Each structure stands twice: as C-alpha cells, then as structure tokens.
1. Quick one: which residues, 5 or more positions from B:TYR280 or on another chain, have an amide H under 5 Å from its amide H? H modelled 1.01 Å from N in the peptide plane, none for Pro or chain starts.
2. What is the Cα radius of gyration of segment B:4-282 over 2.2 N^0.38 Å, N being its residue count?
3. Give me, ordered by chain and number, the residues 5 or more places off B:ARG13 or on other chains with an amide H under 5 Å from its own placed amide H.
4. Determine the distance separating the Cα centre of segment B:190-242 from the Cα centre of segment B:66-95; give it in Å without decimals.
5. Through the Karplus equation 6.51 cos²θ - 1.76 cosθ + 1.60, θ set to phi - 60°, convert the phi angles of segment A:231-248 into ³J(HN,Hα) values in whole Hz; use x for Gly and Pro.
6. Ignoring ligands, DNA and RNA, what accessible area per residue does segment B:4-282 give at 1.4 Å, in Å²?
7. Which distance in Å, rounded to a whole number, links the C-alpha centroids of segment A:100-151 and segment A:40-84?
8. Just the number please: accessible area per residue for segment A:44-280, 1.4 Å probe, all protein chains included, in Å².
Amino acid sequence: MRNKSQKSEVRSQKSKELVTFFLLLLTVHCSLFTDYAYSQGLIVMANKISGELPLDPDNSAWNRASGIEIPLAPQVMAKPRVYESGIKKLNVRALHNTKEAAFLLTWEDNTEDAAVDVDRFSDAVALEFPSSSSEGKPHFAMGDTEKTVNIWFWKAAWQSRSDGDKVYATSDDFLGGVLAGNPVSEERTLPVENLVAQGFGSATDMEKADIQNITGSGKWKSGKWAVVFKRPLTSDGRFNVKFKEGSVTPLAFAVWNGSEGDRGGRKVVSTWYYVGFETEEKKTIYFYPVLAFIGALGIEAGIIMGIRRKRV
Amino acid sequence: MAKNKVNNWQIRREMFYPYEEVRPQKQFAAVFDINKCIACQTCTMACKQTWTTGRGQEYMFWNNVESKPYGFYPLAWDVKILEALGAQNWDGDRYSGKTIFEAAPKGQAVEGYLPEDADYAYPNVGEDEPFGEVKKGDYITIPHRVWHFYLPRICNHCTYPACVGACPRKAIYKREEDGIVLVDQKRCRGYRECVRACPYKKVFFNKTTKIAEKCIACYPLIEKGEQTQCIRTCIGRIRLNGWLHLPEKADPSNPMDYLVHIKKVALPLFPQFGLEPNVYYIPPIHVPAPYLRQMFGPGVEQAIKTYKTAQNDETLLGALTVFGSSEFRVSKFRVSKGVVTGYDDKGDELVKVPLKEPVFIRPFHDEKLQVYRHNIT
Ligand code: SF4
Ligand code: SF4
C-alpha cells in the first residue's frame, strides 16, 4: 500500500510549486505557455495532411509528423504490480486529414513476442483517451467510476495470428469462450480492439471482433515495434473519444512486454499527455483547453510535472 | 485490493485474504478414500469425455490421478509451491507458518508460479514409481518401507480460492448456492493470474479460446441432486460427494460432516496453503507419517488410527459404505441392523447397502446342473 501521508506531503508541495508556476505563467502571454507545454513535450501535435492517412508504419507520410517521447513507468497502483521493466519509453507521432486521425507508436523491445502459450505472453500497446461523455479528465489509470476512458488496444498475437501449433482435437462444441461470445476468444480479423474502462479490471470490449471502429497494424524490425492506430475523427457512442480539428484531448499510453510476462495490469504506463489536432489557426488556441484540463486537476498536473522532472 | 482477516478452520486461525469472509449457503465437498484408489483413471476419462475434448483442451485434465511421491500433473506442482512457501510449521493443530496469501511477494496477491507448457506434457509421469528400494529379505510392514500411493485430484472449490483472489478482473466467482468456483467465460481476458495463483494448478489456459478454464464440479448434475461424473463413475468406489458445514455446525447424519468433522478421518490437501480446500482425503494407511503430515496436516496419524477402527464401528463403516452406492447425492445416512441407508437432500430414501456383503456357499458339485464349480468369487 502507498504511504498516504508521505504522498500528500509530496502532493501539497508539488501543488504549491504548481500554483506559483501558474501565477507566473498567467502574467505572461498565453502563447508562451503553449510554447512551454510544447517544449516540455506535453502535447503531441497531430499534423494536418491531405489525402489518405497511412496504416503502414513504414509509410513515408509519417515523416511529416513531429513526434514526442513518452517516459513509461511500471504500473504500481493496483495488484498485480510490476516494479521493473525493460521498456522505458515510447515515441508517438500523430496525423490527421480533417476526417481521420492516425497515431504511430514506436518503442524498443529486443524480442518479438507474438505467440501465446500457458507461460508466453504477447507484446501489446494501448492508447487511452477520456470517453466523449466524460467531463474533464478521468483518472489516468484506467479511468474511474464517474468518468470512463476509451482504450485502443493492439496486440502482437492478433497481428501475426501465427497459431501454427498442432491442434489434435477437432470438436468445436467445447469452446467455452467462443460460445459465451468472449471477444478475446473470437477469431480476430483486426489486430486492434476498442475498449471502455472505468477503473482497474474493468476493460470491456465495445464491438464484435470484426467490426472494431479502429484499425491498426504493427511491425517488429530489428529490436523495435512500430504500431499504427487509425480511426475517423468522430465516432458514435458515448464511450468513444471524439476529436476535431483544433481540439486538444488528453491521452495516455501503456506498453506490455510479453517476454517479461506482461499482461493485464502488468505493464508500463504514462500519465496524461495531450494530443492537439493541427489547424491553420494560431497554435495559441490550445492554451485554453490545456489550461482547463490542467487547472482543474492541479494535483494530477503536479504528478505529471513530477514524473517529467525526474525523467526528462 | 484490501486485505481482510478471515477465519480458516482447517488451520485453526484467522488469516489474510483479499476479500471478506463470505460463506456460501451450501458448500460443495467431496471425500476421497486414497486407500481404495487403484489408479484406473476411469474418473479422469469420465471427466475428459464430458468436458474437455475440444480444441485447446488437449492437455487438460480437470480430474487427474497421480502417483505419489514421484508423479505430478503439472510437473512438480507441489514441490515448487512447497519450496516457494518455505518452512511450514504447525503449532499443534494450529498452523503457525505463512499461507500463500500471507507469503505473497510485494505487489502480488498470492505466492505462486506459472507452469511451463511442457510441464503438462506427461500427465502420468512417475506412475507406480515407489519410494525406497526392495532389499533382499524385505517383508511387508505397516507403514510400508517401500511405498507409493495414488492421489486423485480435482479442483477443491476452495472456501478461499487463490484463483478468485488473484484475478484482477473479478472474472472468477464462487457460487452462493453451492460454493462451486467458476471462471466466467465471457469476462476472462486470459491473464493467467489464476493459473499462477492456484497452488493445486487446477485452472488451465485454453490456447484456442485464449482464456482460463477449470473444473466446474459438474454443476448441471449437482443442481439436479446428482454426483459429479468423476465421483459417480469411480470404479474403486473411493469417492463421495455432498454438502459440508462448518465444524461447529456439523450434522452427524451427513456423511461429509461425519467423516470430516466428527470422525476426522478425511483431511484437506495442503491445508497450510490457506485456501480451505473442500476435497478431503482419507490418508493411505501404509505410507510413513512424515510425508503424509506435510500433505494433509497434523491430523494424519489420528485419522489413520480412527480409520482402522472402521471394522468395529458400524457408523463409520456405514459412512464409508455409501461411497459409490448411488449416482445421487447422499446427504444423510443412517445405519441400522447391519444396513446403511442413504437419503437425498429432501430426506427421501436413495439406497440401502449391507455393511457386510452376504456370503453364499454353494457345493462344489451342482447336482441339478451336473457341473463342478471352480473357486470363483
Ligand atoms: S475412478 Fe476411482 S479408483 Fe479409478 S483412478 Fe479414479 S478415483 Fe481412483
Ligand atoms: S483448487 Fe485452485 S482452481 Fe480450484 S477453487 Fe481452489 S484455487 Fe481455485
């Protein structure tokens, strides 16, 4: 269990620092803050391009997106916890074309873990956003009971579908998971899954395996994963995140390293970052939404800053 | 996950468990008499045929029978968890060591390990391999100097299931009506925390459906008042199924309560793990006590002693005689005039079995048929 008094001390100190920081900030020009946020790598810019968005991680269109690096830390909030991981960071790039949004996530991982067995787990990555129905920011760790999060999940095992193992039995009458309609058990045609969550252990698949509203694809090459997620800017359903040109939305990340036994809560995570959808208008327009998000939850911003200060 | 203090009567003390103590209205339980098991594997095949002949289940035996001390399924399951748990001391009949919940490493719900795929590859490894060597001039003593025995195993439908305690999605649940522990086939996402956590290794990962599966205690039969497939088909008539109460509420006319709480001849498997498992074993009388004590706790010697009195104890003999006598659940028994009668949940008569099989002696030469009889039974 976490030491609460210690934590709150750190928090109050952090929030004091933060108040000073905001007061200072408010006295200067808005764009200065935006520049600050950019320089600190809090915002990933979804650069606006015309034409199709790439689904292939190797597509040269990705060169037109400016990436930021996200430090990742082992998940220690809920059991089972992890304390060590070989995965320390990922790089995120984003693009939009006024109709669709695409994200490219790359991270270093020496082993490609795409096969699943009793003791073998798949590499995976996830993006997390507040659901469109969530007002303000949900808790960065899987959302909370009031505010749900929308999770886009990609899994190496679904990408390769390399289930080349010998199967001896022939009967399909015993596939409990399939008969129960468990999305994990169904034959997957897409390597991605659209989920909603409201706290640890609550991730729930929102669509049938073959009609997920997000698409994606991943490739492992010389010690590096590159995974693309793509979806229309808007999407029906109150649990889905909605984007629009000129908007800013919080987003967070998680990576699973199969060879280290990662699955479920055993993963490395980030706190909230922001994605801004580029528009021709001045970039100061991001200031207000970001301030609203951060200002409303100063303590959490304190955590973000704290983590950032340690790691950058 | 908050930690709660719960009461575990098998270790005679309170212990930590991730959830509160909530006991089901009724608890599914079984008694297996190891002395009578012949390792015919009829139970294993009955279970296999009924529940696990599908894709992804090839390697699964929800019921298995292993030879002890050298048989394991999966490989070395007991050795590994016993070693991880470290010293397990009893203070009289109170366990003073750590349960797997109390020994949980930092950040984990329980102490456990995940078997490798290959650990399941030889389900009957070590079959019939005895401990010790037969030396010239050896003769049989009780306990045997050279020994082995068969250990039939199913899920224990534990009162404090480690599988439930470790699942971060709350996808495993214990039924309120009968205490049967089930994996929700819709909610499970295949994290295998339960496979890691169950010290008896009775949750399995299905590679085809990508989720966990386990013994379901044949709940469709239980709901109809019948006994499970492995129990009703047992050739050796070593098994009995029923409802078990807490020791202070033991009902002497219920064969489970009678054998477990009153006569204390049936003991839980590795009670020190802290799960309060609900399959109880009558320990084998020919095996040296130290080995059995580690396996069944400090009550082993007394249990064997009491078991040996069965031939002169009509009630005990009666309770043991209803084993395998009916496909229905024998919830109550009564012994009278050398006959045991079994009753169902409602108190209706199910079966009558004589405590002593009648013996008929017929002449060597049959006058009527004009044949000689050979010595057959
Ligand atoms: S059917 Fe009965 S006697 Fe045969 S192996 Fe199973 S438990 Fe033992
Ligand atoms: S024996 Fe294992 S699988 Fe069965 S209830 Fe106990 S912990 Fe769960």
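1. For B:TYR280, whose amide H was placed from the backbone, the distant partners under 5 Å are B:ALA30, B:VAL31, B:PHE32.
2. This ratio for segment B:4-282 stands at 0.98.
3. B:ASN8
4. For segment B:190-242 versus segment B:66-95, the Cα centre distance is 21 Å.
5. 7, x, 4, 10, 8, 5, x, 6, 8, 7, 7, 10, 10, 8, 3, x, 8, 10
6. Normalised by residue count, the accessible surface of segment B:4-282 is 37 Å².
7. About 11 Å separates the Cα centre of segment A:100-151 from the one of segment A:40-84.
8. Solvent-accessible surface per residue comes out at 40 Å².
The values are calculated or read from the model by the stated rules, or taken from the named source; none is laboratory data. Note that this is a predicted model, so its numbers are computed, not measured. So basically every Cβ, Gly included, is an ideal-geometry build from the backbone, and we count neighbours across all protein chains shown. Quick note on the areas: whole protein, heavy atoms, side chains included, nothing else; ligands and nucleic acids left out. Shrake-Rupley method; radii C 1.70, N 1.55, O 1.52, S 1.80 Å.
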